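**Student:** Below you'll find the structure I mean.
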Amino acid sequence: LAQSLGLDGTVANDASGVHIHVAGSSRQIEEFTRQLGSAAPPAARISKLTAQPLPPCQLGPGFHILASRNGSAVTAAISPDLATCADCRAEILAMDNRRYRYPFTNCTNCGPRFTITARIPYDRPNTSMRAFPMCADCRAEYENPRDRRFHAQPNACPVCGPHLSWHNASGQKISGDPLVNAVQALGAGAVVAIKGLGGFHLAVDACNPAAV
């Protein structure tokens with residue numbers, strides 16, 4: 001939005017929220033402030049917007065995203081987990097897509113948030129995704145402001161992200177397709193524990209009295 005309006009400045013996150021410094025004509029800045037709410041991404045919610053004039057300062061040409069800052073009081077909220085969006089669902093079902101059948105596909109508009117966050121600001125090193133360094137393709141998406149995965153902290157793919165695995169009741173990992181194994185186990189009357197983001201779902205064949 002700042003680039004489209006020809007504004008110079010910076011934006012950065014900290015534990016209290018988002019801080020934006022812009023320089024330009026009064027008309028440009030008024031339009032920027034007006035559009036912040038309406039031009040926000042689908043999952044974004046602005047709970048409060050405060051604008052104030054600052055003394056003239058040299059921001060340099062262009063608009064730049066700065067690294068998150070620490071040290072401020074924690075007042076910013078963490079988004080809840082968001083259901084898979086239509087764009088990511090289409091990628092999962094497209095055989096020619098690098099995320100075909102990848103269950104952990106997400107973007108800025110969907111995916112885990114609250115349940116992977118250890119502390120704020122909400123950056124990848126502060127989430128459980130810190131254990132999964134991004135591959136070159138995912139990193140390119142993450143660093144491109146024009147991409148819908150720009151700064152999507154859970155961004156991942158089959159090359160660099162987490163994978164499904166299948167374990168027996170003793171915790172021992174078993175080879176084979178986890179989904180196929182789960183379907184077969186349910187058909188045989190077993191109880192399957194599916195580890196989700198915030199805990200476990202217990203699944204049984206509801207038509208099997210012994211399993212129930």
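**Student:** Restrict the check to segment 148-168 and report whether at least one residue is among the charged types (D, E, K, R), more than 14 Å from the chain's Cα centre (by Cα) and surrounded by fewer than 19 Cβ atoms within 10 Å (Cβ to Cβ).
**Tutor:** No; the residues of segment 148-168 include none that is among the charged types (D, E, K, R), more than 14 Å from the chain's Cα centre (by Cα) and surrounded by fewer than 19 Cβ atoms within 10 Å (Cβ to Cβ).
**Student:** Next question. Out of the residues in segment 37-65 that are surrounded by 12 or more Cβ atoms within 10 Å (Cβ to Cβ) and under 20 Å from the mean Cα position of the chain (by Cα), which is modelled with the highest pLDDT?
**Tutor:** My answer is ILE65.
**Student:** Which of the following residues is closer than 22 Å to GLU143 by Cα and at pLDDT below 85: ASN97, ASN70, ASN106?
**Tutor:** Every option except ASN70 fails the conditions.
**Student:** Also, I was wondering about something else. Looking only at residues in segment 127-147 that are buried (at least 16 other Cβ atoms within 10 Å of the Cβ) and of a type in the set (A, V, I, L, M), which one is farthest from SER79 (Cα to Cα)?
**Tutor:** Once the filter is applied, the top-ranked residue is MET134.
**Student:** I need the full set of residues from segment 176-205 which are farther than 28 Å from GLY111 by Cβ and of a type in the set (S, T, N, Q), in order please.
**Tutor:** Of everything in segment 176-205, just one residue is farther than 28 Å from GLY111 by Cβ and of a type in the set (S, T, N, Q), namely GLN184.
**Student:** Same structure, new question: Which count do you get for residues in segment 110-126 that are farther than 24 Å from ALA86 by Cβ and either surrounded by 15 or more Cβ atoms within 10 Å (Cβ to Cβ) or modelled with pLDDT of 95 or more (or both)?
**Tutor:** Final tally of qualifying residues: 6.
**Student:** Here's a check for you: in segment 90-109, which residue that is of a type in the set (A, V, I, L, M, F, W, C) and part of a loop (DSSP other than H, G, I, E, B) is least open to solvent (accessible area, probe 1.4 Å)?
**Tutor:** That would be ALA94.
**Student:** Does segment 12-54 hold any residues that are of a type in the set (Gly, Ala, Ser), without any contact (Cβ under 8 Å) to a residue 12 or more places away in the chain and in a loop (DSSP other than H, G, I, E, B), and which are they?
**Tutor:** Once the filter is applied, which keeps residues that are of a type in the set (Gly, Ala, Ser), without any contact (Cβ under 8 Å) to a residue 12 or more places away in the chain and in a loop (DSSP other than H, G, I, E, B), segment 12-54 yields SER25, ALA40, ALA44.
The values are calculated or read from the model by the stated rules, or taken from the named source; none is laboratory data. Predicted model, so just to flag it, every value in this text is computed and none were measured. Here the Cβ is made from the backbone with ideal geometry for all residues, glycine too, and neighbour counts use every protein chain on show. Surface accessibility is based on the protein's heavy atoms, side chains included, excluding ligands, DNA and RNA. Shrake-Rupley method; radii C 1.70, N 1.55, O 1.52, S 1.80 Å.
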